[in-house]
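Take a look at the structure set out below.
The values are calculated or read from the model by the stated rules, or taken from the named source; none is laboratory data. Values in this document were obtained by computation on a predicted structure and should not be read as measured data. Here Cβ is always computed from backbone atoms with ideal geometry, including for glycine, and neighbour counts include all displayed protein chains. Heads up: the accessible areas ignore ligands, DNA and RNA and are worked out on the full protein's heavy atoms, side chains in. Shrake-Rupley method; radii C 1.70, N 1.55, O 1.52, S 1.80 Å.
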Amino acid sequence: MTSSAALQPDPGLIVACTICRDVQEFDLLIEDMETELGESWGDLSFEDAKLFMGQPDAAALEFVAIAMTPQDESNLATISDLIRTANDHNVKVIVIAEDVSPIALHQLLKLGAQEFVPYPLPDGALHDAIERLRTPEPVAPAAPEASNNTQKATGNHNGVVLAVHGMAGGVGTTTFAVNLAWELATVDKKDPPKVCLIDLDLQYGSVATYLDLARREAVFDLLSDTDSMDKDSFMQALLSYEDTFHVMTAPADMLPLDIISSEDVQRLIDTAKANFDYVVVDMPSTVVQWTEVMLHAAHVYFAPLELDMRSAQNTLRMIRALKAEELPFEKLRYILNRSPKFTDMSGKSRVKRMAESLDIDIEVMMPDGGKQVMEACDNGQPIGQTAAKNPLRKEIFKLAVSIHELNLSVAQAD
Ligand SMILES: Nc1ncnc2c1ncn2[C@@H]1O[C@H](COP(=O)(O)OP(=O)(O)OP(=O)(O)O)[C@@H](O)[C@H]1O
Ligand SMILES: [Mg+2]
């Protein structure tokens, strides 16, 4: 390791620097920096960093990794100033944070830090952050910062809450949530239900991408102060998808999942329910503190999974965790995505074995929809708009119809 880039007589090409009070407190960071960059990085104190970034030696600097603990929160002004200086010199910033408050983190991200990685560093997290820094940013969709939602809050609904929580990453949770919301919104042309889709996958939420909508700062403002949220500020945080349904996208910055509390989620869902007929929520696949609120609030808690060991083991762990906490695990409705074709006998017996070994019913089978699905997602449109005859779309449509019919009959019986 290069102990001090500023003082090193011949530091070679320094492409990155750690900046912190005492780098020895971040030994995993030292290891990962060495793995990623060999000798071409240095370490700076908060005091030296600003000066160094202005020196010719810093010309090759690609990024700085600012590492901080709660102790450094009192020094937030200096750190903010460093982020601005780095931005002025076209140097990217990764914040490495150990137990730093979500509010402080958000402030730093807002100031222009490009990446946030928690400390202790998860395996490969620094590598991934560096890769993302090096990848040119895709052109963001031209989207308004102001809400395009002209609908007024009414507060007189009592909507059905449908949560979607993937049993593993990438099992099609968001695809299902987005398309279910669209199908529900278009299920009855004469009397279209009012539908709201909320992306609570605060870190990787891709609802915005799949509907080509902006990620808005208003969403963070709403979530960080739900005490003062009312139906109007809630409606203002939503975007309308082609006047068909309403969407709360995940915030622009990648936020820690505990930035919102159980109370925040409860208020958010209560407000959404009061203004919509259906509230579809895309949940993170991680179990968080507020998962419990959603489990209680949801009328149906969809659990997509795939026919593989990863999904099976995660599902088992999830059921055990919910049982241990005495949470309503029986609310989970399992959806098998990319399910085997009707003619695939061995696939079907694997599904049967998986359901038996987990002691669950797999109630919905969603087929592989092929390339059309990814294309619809990438184009930012529901599959029903781009490939109405797609087999996956047909299944989600049928499910939406049955949910709506059931809801109407329950409403009539009341
Ligand atoms: N049944 C399907 N047929 C074809 N492609 C699918 C199907 N389901 C999902 N996909 C594709 O798989 C990819 C991942 O889907 P999606 O983003 O919905 O997963 P996810 O569970 O929300 O992932 P993450 O864990 O990242 O949130 C997308 O490109 C989507 O288009
Ligand atoms: Mg997703």
Within segment 189-211, is even one residue more than 16 Å from ligand 1 (Cβ to nearest atom), in contact (Cβ under 8 Å) with a residue 24 or more places away in the chain, open to solvent by 10 Å² or more (accessible area, probe 1.4 Å) and aliphatic (A, V, I, L, M)? no
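Name the residue, out of ALA140, ALA77, that is at pLDDT 90 or above and open to solvent by 40 Å² or more (accessible area, probe 1.4 Å).
Working: ALA140 fails: at pLDDT 90 or above.
After ruling out the rest, the residue left standing is ALA77.
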Would segment 110-132 turn up any residue that is farther than 22 Å from ASP48 by Cα, of a type in the set (A, V, I, L, M, F, W, C) and assigned to a loop (DSSP other than H, G, I, E, B)? yes
Quick one: is GLU183 open to solvent by less than 30 Å² (accessible area, probe 1.4 Å) and under 22 Å from THR386 (Cα atoms)? yes
Need the failing condition index for SER262 against (1) within 16 Å of ligand 1 (Cβ to nearest atom); (2) closer than 25 Å to ASN314 by Cβ, just the number. (1)
How many of the residues making up segment 239-259 are surrounded by 23 or more Cβ atoms within 10 Å (Cβ to Cβ) and under 24 Å from PRO118 (Cα atoms)? 3
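One residue is enough: does segment 234-251 have a residue meeting the conditions over 15 Å from the mean Cα position of the chain (by Cα) and either among the acidic types (Asp, Glu) or within 16 Å of ligand 1 (Cβ to nearest atom) (or both)?
Among the residues of segment 234-251, at least one is over 15 Å from the mean Cα position of the chain (by Cα) and either among the acidic types (Asp, Glu) or within 16 Å of ligand 1 (Cβ to nearest atom) (or both), which makes the answer yes.
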Could you grab me the full set of residues in segment 388-411 that are open to solvent by less than 60 Å² (accessible area, probe 1.4 Å) and among the charged types (D, E, K, R)? ARG393, GLU395
